[in-house]
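The values are calculated or read from the model by the stated rules, or taken from the named source; none is laboratory data. Remember, predicted model here, so these are calculated numbers, not experimental data. Quick reminder, even Gly has a Cβ in these numbers, built from the backbone with ideal geometry, and neighbours come from all protein chains shown.
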Amino acid sequence: MINITFPDGAVRQYEDGSTSLDIAKSISEGLARKVLASKVNGQVWDASRPIHSDATLKLLTWNDDEGKSTFWHSSAHLMAEAVESLFPGVKFWVGPPVENGFYYDMDLGDRKMNEEDLANLEKKMNELARQNNSYVRKEISKKDAVKYFSDKGDEYKLDLLQGLNDGEITFYTQGNFTDLCRGPHVPNTGFIKAIKLTNIAGAYWKGDEKNKMLTRLYGVSFPSQKELDEHLQMLEEAKKRDHRKLGKELGIFTFDDDVGPGLALWLPNGAVVIEELERLAKETEEAAGYKRVVTPHIAKESLYLTSGHLPYYQDSMYPPMELEGVKYYLKAMNCPHHHKIFAAEPRSYKDLPLRLAEYGTCYRYEQSGELFGLMRVRCLHMNDAHIYCSKEQFYEEFKAVNDMYLKYFKIFGIDKYVMRFSLHSADKLGIKYVDEPELWIETEQLVRDVLIRTNTPYVEVPDEAAFYGPKIDVQIWSAIGREFTLATNQVDFAQGRRFKLEFATHDNKGETPLIIHRAPLGTHERFIGFLLEHYAGKLPLWLSPMQVKILPISDKFLDYGKTILQKLKKADIRADIDDRNEKIGKKIRDTELMKVPYMLVIGEKEMNEQKASVRRQGKGDLGAKLVDEFIDQIKTEIDERRGE
Ligand SMILES: [Zn+2]
Ligand SMILES: [Zn+2]
């Protein structure tokens, strides 16, 4: 018998050679139908692989990232089987799971793949999936493996085999297809219920442009047709909400060749959104005891040598410029400048916590192939701040930062979020991590306490912390369920020392402060990109570049319209009047396209009663209202930063 320990700590006995599937079945048949793979002693395994010793066991389903990637990787094998049956002689390179599905790189020889082939391949895959073929694992010697692929004339798999040794080579076979693979896979092809092949692309072998161009075939698959339909619908919706498309239509931002790639130009409407976001940040930070600072966009090389950005971060920085024999760099991070502000005068415990905030402009070198709309840029405006505090103050300070995130999530209607909490790994102290074992454990526990006590959803990720402390990556989901990394919070017990920052304690000793790096609104670039998708361009009233548009039915009511415009402007409401000689239907349609939240339609009746017919974006006609009442009403909506 073997002892199996479950994630909740329960231990149960099973017969030697039991598989994860057997164990799942002993719990319930329903569970067994959902098990895609398992984690045995921390390693992802086939659910059908026998276990021969005591082990910890976690059953993996579609809801686990590793379950999902096993599912998608298994689908890549299924796709390869279908390709081989329709394109005999094809040779395969690698077929990994990716963020949303899977691909396989292949050499089709002289043949090409087209849209029609995709439909045929999908059909074939569905047919093979319904055969419920098991993914059979077989350990094989290097000699036999080399023979198998030599006979097949497959130089790609032979290349992969070069780096492998006896004892670490496994073949997996499902149906008529055998692949060199370390696994794991789902138990059988029947788990794959819905398939969509999405894209054919080219990819150089091993990513090297000197090598042959292979065909990369992408697909995505799901355990049910319903999930595939939802996924495709989400992609369709995401296309409509693409921030690059909306940013252009709504006059938010543009790029120009002469300015340079990745350097966004914010147009007047975009600048309004930026101003409103900064106003929100300033109000919030002022109330939370932050002080604002302003720092230059460049600094001498010596600053970044002290911070360690040089040489470690050099590849992500713009090259230096030289002036009076000294090298200057564009700043990639605001931290070093803020540390110098801390160091600018003697500090005592009475000055702490010191919270320095700045919407700092940073410049980073992203490779041109990586640039993507506002999401990956080379110039970014960061909602940055650094909090310098004592160890005793750390818990409260970190909690306040967390509360600020939650406040913002509420304002922006972000319902789904998770904090990805990255920890150090004790065996890498002094190599990958600052060698401060106690501080690591202490601060990690304090961060964990905050997350637990505030009921904030989080996941712990071992061995992914920053060099100088634990970090939190904030993942948020837009209204259509797409994931974004908004920002990163970091605890830092190394930079203070590098910069020799000190404060005098109660008993007048010098102590290094802990530093919290935080940026709850991320960067303007990424956050506004997110907001455009999240709201499908229909920004809430308080953020809208244009809040009210006055639409006179004819020129006769232009003067009345202008008096309303005066009133709106006096109330600090962003408004304009459509004085074109156009039909009212067209005026309404054009205003709707620009996603202006309120329209005031005015004609004879409205003018005589000092009213306006109010139309709300997305809601239609709200009826006639007294102009003064309307203004009072939307003033409140703006002041409260309401979402709808
Ligand atoms: Zn595989
Ligand atoms: Zn920082």
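Data table
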quantity	calculated
Lone qualifier among Asn334, Asn269 - being surrounded by 17 or more Cβ atoms within 10 Å (Cβ to Cβ), over 20 Å from Lys500 (Cβ atoms) and not aliphatic (A, V, I, L, M)	Asn269
Members of the stretch 328-338 found to be near ligand 2 (Cβ under 9 Å from one of its atoms) and assigned to a helix (DSSP H, G or I), listed by number	Cys335, Pro336, His338
Filter result (buried (at least 22 other Cβ atoms within 10 Å of the Cβ), more than 19 Å from Tyr218 (Cα to Cα) and touching an Asp or Glu at 6+ places or on another chain (Cβ under 8 Å)) within the stretch 52-81	Leu60
Tally of residues being touching a Phe, Trp or Tyr at 6+ places or on another chain (Cβ under 7 Å) and not in a strand (DSSP E or B) across the stretch 458-469	3
Selection from the stretch 184-207 of residues that are more than 16 Å from ligand 1 (Cβ to nearest atom) and either outside any strand (DSSP E or B) or of a type in the set (Val, Ile, Thr) (or both)	Gly190, Lys193, Ile195, Thr198, Ile200, Trp205, Lys206, Gly207
Only listed residue being away from ligand 2 (no atom under 16 Å from the Cβ), at pLDDT below 95 and more than 20 Å from Phe171 (Cβ to Cβ), chosen from Asp64, Asp54	Asp64
Residues located in the stretch 48-71, provided they are out of contact with any Ser or Thr (no Cβ under 6 Å at 6 or more places or on another chain) and assigned to a helix (DSSP H, G or I)	Asp65, Glu66, Lys68, Ser69, Thr70, Phe71
Residue among Glu275, Glu345, Glu283, Glu322 that alone is assigned to a strand (DSSP E or B), free of Cβ contacts under 8 Å to residues at least 12 places away in the same chain, of a type in the set (Asp, Glu) and more than 16 Å from ligand 2 (Cβ to nearest atom)	Glu322
Sole exception among (1) closer than 15 Å to Glu275 by Cα; (2) more than 16 Å from ligand 2 (Cβ to nearest atom); (3) not β-branched (Val, Ile, Thr) for Pro552, by number	(1)
Criterion: surrounded by fewer than 13 Cβ atoms within 10 Å (Cβ to Cβ), among the charged types (D, E, K, R) and either modelled with pLDDT of 95 or more or more than 16 Å from ligand 2 (Cβ to nearest atom) (or both) - qualifying residue of Lys416, Lys399, Lys428	Lys428
The stretch 393-419 residues that are among the basic types (Lys, Arg), paired with ones that are surrounded by fewer than 17 Cβ atoms within 10 Å (Cβ to Cβ) (beta carbon under 6 Å, 6 or more apart)	Lys416/Trp477
Candidate set: the stretch 272-293, residues that are within 13 Å of Pro545 (Cα to Cα) and charged (D, E, K, R); chosen: the one surrounded by the fewest Cβ atoms within 10 Å (Cβ to Cβ)	Glu275
Members of the stretch 241-267 found to be over 19 Å from Pro540 (Cβ atoms), part of a helix (DSSP H, G or I) and in contact (Cβ under 8 Å) with a residue 12 or more places away in the chain, listed by number	Arg244
Strands (runs of 3 or more DSSP E) completely within the stretch 556-644 that count 1 or more residues being in contact (Cβ under 8 Å) with a residue 40 or more places away in the chain, farther than 18 Å from Leu541 by Cα and more than 44 Å from the chain's Cα centre (by Cα)	598-602
Condition met for Leu521 (part of a loop (DSSP other than H, G, I, E, B), at pLDDT 95 or above, over 19 Å from Gly643 (Cβ atoms) and within 16 Å of ligand 2 (Cβ to nearest atom))	no
Qualifying residues in the stretch 471-496 (those that are among the polar types (S, T, N, Q) and within 15 Å of the chain's Cα centre (by Cα)) - the one farthest from Glu237 (Cα to Cα)	Asn489
Sole exception among (1) in a helix (DSSP H, G or I); (2) modelled with pLDDT of 95 or more for Gly369, by number	(2)
Residue tally, condition exposed (fewer than 13 other Cβ atoms within 10 Å of the Cβ) and touching a Gly at 6+ places or on another chain (Cβ under 9 Å), over the stretch 217-229	0
Unmet criterion (only one of (1) in a loop (DSSP other than H, G, I, E, B); (2) surrounded by 12 or more Cβ atoms within 10 Å (Cβ to Cβ)) for Lys210	(2)
Residues of the stretch 360-374 that turn out to be in contact with a helix residue (DSSP H, G or I) (Cβ under 7 Å, 6 or more places away or on another chain) and more than 22 Å from Glu533 (Cβ to Cβ), as a count	2
